[in-house]
1. Looking at segment 54-75, which of its residues are out of contact with any strand residue (DSSP E or B) (no Cβ under 6 Å at 6 or more places or on another chain) and closer than 16 Å to residue 22 by Cβ?
2. For segment 32-46, enumerate the residues that are surrounded by fewer than 14 Cβ atoms within 10 Å (Cβ to Cβ), under 14 Å from residue 61 (Cα atoms) and modelled with pLDDT of 95 or more.
3. Under 8 Å between Cβ atoms, at least 6 apart or on separate chains: pull out the pairs that start in segment 3-17 with a residue that is under 16 Å from residue 65 (Cβ atoms) and end on any residue that is at pLDDT 95 or above and in a loop (DSSP other than H, G, I, E, B).
4. Could you look through segment 4-19, keep only residues that are in a loop (DSSP other than H, G, I, E, B) and surrounded by 13 or more Cβ atoms within 10 Å (Cβ to Cβ), and pick out the one that is modelled with the highest pLDDT?
5. Out of segment 47-75, which residues are closer than 17 Å to residue 36 by Cα, under 14 Å from the mean Cα position of the chain (by Cα) and either surrounded by 15 or more Cβ atoms within 10 Å (Cβ to Cβ) or touching a residue at least 60 places away in the same chain (Cβ under 8 Å) (or both)?
6. Is it true that some residue in segment 20-28 is farther than 13 Å from residue 10 by Cα and modelled with pLDDT of 95 or more?
7. Among the residues of segment 1-49, how many are within 13 Å of residue 72 (Cβ to Cβ) and in contact with a helix residue (DSSP H, G or I) (Cβ under 6 Å, 6 or more places away or on another chain)?
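The values are calculated or read from the model by the stated rules, or taken from the named source; none is laboratory data. Note that the structure is predicted; figures quoted are calculated from it, not measured. Note: ideal-geometry Cβ built from the backbone for every residue, glycine included; neighbour counts use all protein chains shown.
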């Protein structure tokens, strides 16, 4: 499944709270979600390779899985 990351989500990666979360971490996490997601939903508890825990808000669109935002957890 193709994963599309919004500009908003990419900008959030520059924030301290999302420190050490990579694009590859986001793609891997989005692809792990097994169901079809017709409306935006928050999925919790993904782990970046760095060990940082984060959540994703995603929605499936005709072009693929849209990652709307990333929420990093405080370490």
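1. Within segment 54-75, 75 is the sole residue that qualifies.
2. Answer for segment 32-46, where residues must be surrounded by fewer than 14 Cβ atoms within 10 Å (Cβ to Cβ), under 14 Å from residue 61 (Cα atoms) and modelled with pLDDT of 95 or more: 36, 38, 39, 40.
3. 4/63
4. Among residues in segment 4-19 that are in a loop (DSSP other than H, G, I, E, B) and surrounded by 13 or more Cβ atoms within 10 Å (Cβ to Cβ), the one modelled with the highest pLDDT is 6.
5. Selection gives 56, 57, 58, 60, 64, 65, 66, 67, 68.
6. Yes - at least one qualifying residue is present in segment 20-28.
7. 4
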